[in-house]
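Enquirer: This is the structure, below, for whatever I ask next.
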Amino acid sequence: IGGNVATVATSSPGVAAVAAVPPGKGEARGTAASVPPLGGNPGNGYFLHSAPRLRVSSPSSKITHSVGGAVVVEDQPDVSAVLSAYNQQGDPTLYEEYYSSLKHFIECSLDCHRAELSQLFYPLFVHMYLELVYNQHESEAKSFFERFHGDQECYYQDDLRVLSSLTKKEHMKGNETMLDFRTSKFVLRISRDSYQLLKRHLQEKQNNQIWNIVQEHLYIDIFDGMPRSKQQIDAMVGSLAGEAKREANKAKVFFGLLKEPEFDVPLDDEDEEGENEEGKPKKKKPKKDNVGSKSKKQDPNAPPQNRIPLPELKDSDKLDKVMNMKEAARRVRLGPECLPSICFYTFLNAYQGLTAVDITDDSSMIVGGFADSTVRVWSVTPKKLRSVKTAADLSLIDKESDDVLERIMDEKTASELKILYGHSGPVYGTSFSPDRNYLLSCSEDGTVRLWSLQTFTCLVGYKGHNYPVWDTQFSPYGYYFVSGGHDRVARLWATDHYQPLRIFAGHLADVTCTRFHPNSNYIATGSADRTIRLWDVLNGNCVRIFTGHKGPIHSLAFSPNGRFLATGATDGRVLLWDIGHGLMVGELKGHTDTIYALRFSRDGEILASGSMDNTVRLWDAVKAFEDLETDDFTTATGHINLPENSQDLLLGTYMTKSTPVVHLHFTRRNLLLAAGAYSSQ
């Protein structure tokens with residue numbers, strides 16, 4: 001096929017919002033408007049897919065299954081149909097020659113084109129190898145692999161290891177990594193000049209084999225303008241499916257914060273008797289300027305207040321907010337001249353294997369998830385953990401008394417530590433609810449459990465993932481929570497629904513970490529496919545795809561103002577992203593091992609990162625995000641210029657004796673708490 005076939009961009013995938021379809025009617029493709037509301041009644045069995053996998057145009061098997069009255073039709077690319085794309089083969093003995101002649105051409109081209117065209121090496125290598133294997137030229141495939149696999153970039157080593165084990169046609173049938181590689185087109189971003197050069201070369205050479213692969217399996221995102229330099233390309237590549245298409249990061253994202261609800265803040269502790277006899281509040285006192293009036297003006301980038309239904313504030317929540325504001329008034333302003341103190345909680349003798357940690361927002365409790373399937377909750381303050389009394393004892397209590405909340409607690413149960421039993425596999429994620437009444441834990445056993453911190457018992461087991469669940473997190477407003485696992489999807493749940501409200505599908509490998517945006521309208525997921533995706537909670541769409549990490553992502557943190565995202569991975573780099581523009585804006589190098597913890601200070605001046613290399617590092621976030629060059633050209637072409645300023649931004653490195661850092665948390669007054677289990681090497 002002549003012409004600019006490879007330049008045809010596909011539109012962003014629609015959301016298949018599936019409502020009750022009579023069997024046999026095929027797929028109900030709804031628009032975003034027909035997405036079920038978040039507050040839908042449980043048991044409706046809604047599944048939301050926004051899978052950006054490009055389907056191969058071939059008959060695909062439809063899988064229908066009925067869930068609570070709704071029939072769900074899923075599009076599954078048929079393996080045999082996908083593989084048959086490898087049938088039109090050339091002469092197997094010439095493959096090495098084809099590849100090396102292209103390699104020679106690219107290496108001899110001008111510097112400005114060489115960097116861009118070098119991106120072709122890896123996807124072509126994989127597809128040519130798979131084509132040889134599929135057509136049962138095993139010896140040619142082996143020699144092709146051995147000759148060229150050393151030329152590929154170092155960050156593809158893990159993928160190449162999987163590839164080298166596929167030596168027979170039968171192996172290809174069940175291997176999901178490779179199925180993804182064939183069904184989702186590998187995305188390359190190349191300038192028009194470089195593309196024309198490549199096309200001319202391949203057509204002159206009559207090198208149809210390579211041209212066919214380019215057309216069949218690659219998606220070339222062509223832009224007008226200067227070709228990108230080697231540094232610019234290196235910063236962005238490395239994920240399983242190449243870069244993100246530029247289109248993928250164009251959707252509008254409401255990254256602003258929601259307006260805080262207004263209520264009166266008592267000035268001092270002595271006006272606790274705020275209500276007079278009739279229960280009417282006393283006259284309002286003039287508010288302190290700096291406390292209650294933080295976000296009175298609506299943020300122009302904020303989502304509408306009622307875009308997604310959020311739970312009402314209870315009285316206890318309001319009290320907590322007041323406490324929070326009082327604490328905030330005493331908060332330390334951090335900066336390069338004023339670094340936080342760091343308090344490190346070391347788990348000693350954790351022979352059970354510490355696999356997850358979380359700390360409550362008010363820093364009163366700490367939870368550990370362990371490989372022996374237990375969840376352990378500690379009180380960090382002198383106040384011990386107590387359970388509510390039994391029903392028989394509760395009936396004797398005077399419900400009108402002022403200290404009823406104290407009286408319902410059973411002093412006999414007071415202890416510093418509570419152990420929660422229920423999971424049947426290692427616990428990989430834990431999360432406290434904002435109101436400290438509940439605790440989530442997720443495990444290798446495929447379930448997410450909700451525990452009551454009033455009774456220290458399990459309330460619900462959420463079953464949806466059939467494989468290990470790697471992470472879970474409560475929404476900053478409570479009620480909703482997200483989980484992500486080995487089945488490559490993230491799920492959004494509400495505590496009172498036993499089925500997920502949304503399913504976010506699109507990652508090509510395990511979803512390793514999940515985070516809510518501060519306004520709760522978006523969820524970020526990091527994956528072993530080396531990409532980060534941002535999902536819209538309202539309709540399940542994927543609104544951002546960030547590529548650039550060279551290893552699985554293990555930590556995510558949103559800045560308190562909601563504008564930026566920091567991500568950490570096994571490659572030891574922290575990458576910084578501007579959510580509104582969909583661009584990488586910084587890279588912090590310094591750690592030498594996987595980064596498992598990232599946290600911004602309460603006002604966003606400092607970013608703390610904790611790693612397997614046994615260090616906590618503090619970075620100057622203000623400086624990292626100031627004077628960003630987010631002009632239209634950069635946004636349009638993705639020509640990012642990352643300053644090499646990691647050393648200027650690094651404010652401090654703090655070594656532990658031999659404790660990998662698993663969790664970081666800033667208290668309301670900006671003291672940094674860190675946690676990890678001591679490992680005696």
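The values are calculated or read from the model by the stated rules, or taken from the named source; none is laboratory data. The shown structure was predicted, so the numbers you read here are calculated from the model rather than taken from an experiment. With ideal geometry, Cβ positions are generated from the backbone for all residues, glycine too; neighbour counts draw on all protein chains shown. Just the protein is used for accessible areas: all its heavy atoms, side chains included, with ligands, DNA and RNA removed. Shrake-Rupley method; radii C 1.70, N 1.55, O 1.52, S 1.80 Å.
Enquirer: On the given criteria, is Ser424 at pLDDT 90 or above and surrounded by 17 or more Cβ atoms within 10 Å (Cβ to Cβ)?
Expert: The answer is no for Ser424.
Enquirer: Could you tell me which numbered condition Pro340 fails, if it satisfies all but one of (1) under 15 Å from Val662 (Cβ atoms); (2) in contact (Cβ under 8 Å) with a residue 40 or more places away in the chain?
Expert: Status for Pro340: all satisfied but (1).
Enquirer: Which condition does Leu439 not pass, out of (1) modelled with pLDDT of 95 or more; (2) more than 26 Å from the chain's Cα centre (by Cα), if it passes all the others?
Expert: Going through (1) modelled with pLDDT of 95 or more; (2) more than 26 Å from the chain's Cα centre (by Cα) one by one, Leu439 breaks only (2).
Enquirer: Still on this model: With the requirement that a residue be farther than 24 Å from Phe546 by Cβ and either part of a helix (DSSP H, G or I) or open to solvent by 20 Å² or more (accessible area, probe 1.4 Å) (or both), what does the range 205-218 give you?
Expert: Lys205, Gln206, Asn208, Gln209, Ile210, Trp211, Asn212, Ile213, Val214, Gln215, Glu216
Enquirer: Something else about it: Can you tell me which residues in the range 463-512 are of a type in the set (S, T, N, Q) and under 20 Å from Phe546 (Cα atoms)?
Expert: Of everything in the range 463-512, those that are of a type in the set (S, T, N, Q) and under 20 Å from Phe546 (Cα atoms) turn out to be Ser483, Thr512.
Enquirer: If you check Pro304, Pro300, Pro309, which single one turns out to be farther than 17 Å from Glu260 by Cβ, modelled with pLDDT under 95, within 26 Å of the chain's Cα centre (by Cα) and exposed (fewer than 14 other Cβ atoms within 10 Å of the Cβ)?
Expert: Pro309
Enquirer: Report yes if some residue within the range 457-464 is open to solvent by less than 30 Å² (accessible area, probe 1.4 Å) and farther than 24 Å from Phe347 by Cβ; otherwise report no.
Expert: Yes, because at least one residue in the range 457-464 is open to solvent by less than 30 Å² (accessible area, probe 1.4 Å) and farther than 24 Å from Phe347 by Cβ.
Enquirer: If you scan the range 243-253, which residues turn out to be open to solvent by 50 Å² or more (accessible area, probe 1.4 Å) and assigned to a loop (DSSP other than H, G, I, E, B)?
Expert: Of everything in the range 243-253, those that are open to solvent by 50 Å² or more (accessible area, probe 1.4 Å) and assigned to a loop (DSSP other than H, G, I, E, B) turn out to be Lys250, Lys252.
Enquirer: Is the range 584-604 home to any residue that is open to solvent by 10 Å² or more (accessible area, probe 1.4 Å), of a type in the set (Asp, Glu) and either out of contact with any strand residue (DSSP E or B) (no Cβ under 9 Å at 6 or more places or on another chain) or not assigned by the TED database to the domain that holds Thr656 (or both)?
Expert: yes
Enquirer: Condition check: more than 16 Å from the chain's Cα centre (by Cα), open to solvent by less than 10 Å² (accessible area, probe 1.4 Å), in the same structural domain as Trp535 (by the TED database) and not polar (S, T, N, Q). Does Ile579 satisfy that?
Expert: It is false that Ile579 is more than 16 Å from the chain's Cα centre (by Cα), open to solvent by less than 10 Å² (accessible area, probe 1.4 Å), in the same structural domain as Trp535 (by the TED database) and not polar (S, T, N, Q).
Enquirer: Given Leu202, Leu240, which one is more than 25 Å from Gly586 (Cα to Cα), of a type in the set (A, V, I, L, M) and outside any strand (DSSP E or B)?
Expert: Residue meeting the stated conditions: Leu202.
Yes or no, residue by residue, for (1) out of contact with any Lys or Arg (no Cβ under 6 Å at 6 or more places or on another chain); (2) closer than 26 Å to Leu672 by Cα; (3) modelled with pLDDT of 95 or more:
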position: His507; (1), (2), (3): no, no, no
position: Ala528; (1), (2), (3): yes, no, no
position: Thr547; (1), (2), (3): yes, no, no
position: Arg599; (1), (2), (3): yes, yes, yes
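Enquirer: Within the range 114-148, how many residues are part of a helix (DSSP H, G or I) and more than 35 Å from the chain's Cα centre (by Cα)?
Expert: 10
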